[in-house]
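Below: one structure, written as C-alpha cells.
Every read-out reported here was derived from the displayed coordinates using simple, explicitly stated rules and does not represent laboratory data. In this text the structure is predicted, and so the values were computed from the model without any measurement. For neighbour counting, all protein chains shown are included, and Cβ atoms are generated from backbone atoms with ideal geometry for every residue, glycine included.
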Amino acid sequence: MKWVEPISCQVDLQQGLMHNASGHYQKRLSDLAGLYADDAAFKAELSHGGDRVVYEVTEWRPPARSGDMIFGLTRMSPGKIGEEFYLTRGHIHAVADRPEIYYGQRGEGLMLLESPDGETRIVEINAQTVCYVPPYWIHRSVNTGSDEFVMLFSYPADAGQDYDIIAHSGGMRRRIMADGTGGWKQVDNAAWQARSAQTVAKLLDQQSAGVTL
Ligand SMILES: O=P(O)(O)OC[C@H]1O[C@](O)(CO)[C@@H](O)[C@@H]1O
Ligand SMILES: [Fe+2]
C-alpha cells in the first residue's frame with residue numbers, strides 16, 4: 001500500500017509564505033479588473049502604481065482529492081482602490097456545501113460573507129482569530145489594515161472554487177470602504193442583483209458527485 005506521506009510545512013510569518021508547499025500562485029492588480037467600485041481609480045492605480053502583486057497563496061494539495069484536505073497561506077498586501085480596501089476575488093465552493101477554516105496569522109482584515117439568498121455577514125480576523133466559513137457561504141477576504149494580512153486556510157480537497165456566482169450578481173452585496181477615521185465601513189453595492197429562488201434551490205440540491213471540479 002502506498003500511503004500518502006505525512007508532511008509538515010513551516011509558516012514564514014514575515015514573508016507570508018508556507019515552506020514545503022506543493023503550489024504557489026500570485027494575483028496581480030490586473031487580475032481583479034471589474035471587482036472594485038471605482039473603475040477610474042483602478043485604472044489610475046494600474047497605470048501609475050504598476051501591475052503589482054496584491055495577494056499570493058502558497059498551498060499544499062493532496063495527490064487525491066476525495067475526503068482529503070487542502071491547506072495553505074494567503075498573504076494580502078495593504079492598499080485601497082479609491083476608498084475600497086484590497087480584496088480577494090471571492091468565491092463559493094464549487095461543491096457548495098463544503099466549509100473552510102481561516103486562521104489569522106498577521107495583520108488585520110475581515111471575511112466578507114454572503115449567503116446564496118443574500119444575507120451578509122462580516123467576521124473580523126486578527127492574529128490568532130479562527131474564522132469558520134460554513135457550507136454555502138460566498139466568501140472574500142479583505143485587508144483593512146495598513147500592513148500585510150496573512151491567514152492560514154484549510155478546506156476539503158474536493159471543494160473547488162466557483163467565481164462566477166459573484167460576477168452573475170454584479171459583485172458581492174456589500175463593499176468594505178474606508179470610514180474616513182482610519183477604520184472601515186460596509187456600504188451597499190448598488191449594482192448587486194439578488195439570485196433567483198431557482199438558483200438558490202439548485203445550489204442546495206447540488207450533489208458533489210455531479211459536480212465537475
Ligand atoms: O480564491 P480567491 O477568492 O481569489 O481567494 C484566495 C483565497 O481563497 C482560497 O481559494 C482558499 O479558499 C485560497 O487560495 C486563498 O485563501
Ligand atoms: Fe474558499
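Data overview
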{"item": "Cα centre as origin, Lys/Arg/Asp/Glu Cβ charges: region 66-213 dipole, Debye", "result": "180 debye"}
{"item": "Relative contact order computed over region 11-205 (Cα-Cα under 8 Å; 6+ residues apart), in percent", "result": "22 percent"}
{"item": "Rg over Rh [alpha-carbon atoms, Kirkwood Rh] for region 3-61", "result": "1.18"}
{"item": "Förster radius 22 Å - calculated FRET efficiency between residue 146 and residue 51, Cβ distance, rounded to 0.05", "result": "0.50"}
{"item": "Residue 196 versus residue 120: modelled label distance in nm, points set 7 Å from Cα along the beta carbon direction", "result": "2.4 nm"}
{"item": "Given 15 as the ceiling on other Cβ atoms within 10 Å, longest exposed-site-free region of the chain for trypsin sites (Lys or Arg not before Pro) in DSSP loops", "result": "90-213"}
{"item": "Distance (nanometres) between label positions extended 7 Å along Cα→Cβ at residue 20 and residue 168", "result": "4.0 nm"}
{"item": "Of 118, 171, 67, the one that fluctuates the most in a GNM where the chain has Cα springs shorter than 10 Å", "result": "67"}
{"item": "Gain in span if fully extended, residue 8 to residue 39, counting 0.36 nm per residue against the direct Cα distance", "result": "7.0 nm"}
{"item": "Furthest towards positive pole of dipole, 32, 142, 113, structure part the chain, Cβ charges", "result": "32"}
{"item": "Quarter of Cα convex hull surface for region 11-205, i.e. mean projection, nm²", "result": "10.9 nm²"}
{"item": "Phi to ³J(HN,Hα) by Karplus 6.51 cos²θ - 1.76 cosθ + 1.60 over region 54-67, Hz, x for Gly, Pro", "result": "10, 8, 9, 10, 10, 9, 10, 10, x, x, 10, 8, 4, x"}
{"item": "Long-range HN-HN contacts of residue 52 with modeled amide H, under 5 Å", "result": "29"}
{"item": "GNM flexibility winner over the chain from 103, 25, 86 (Cα, springs under 10 Å)", "result": "25"}
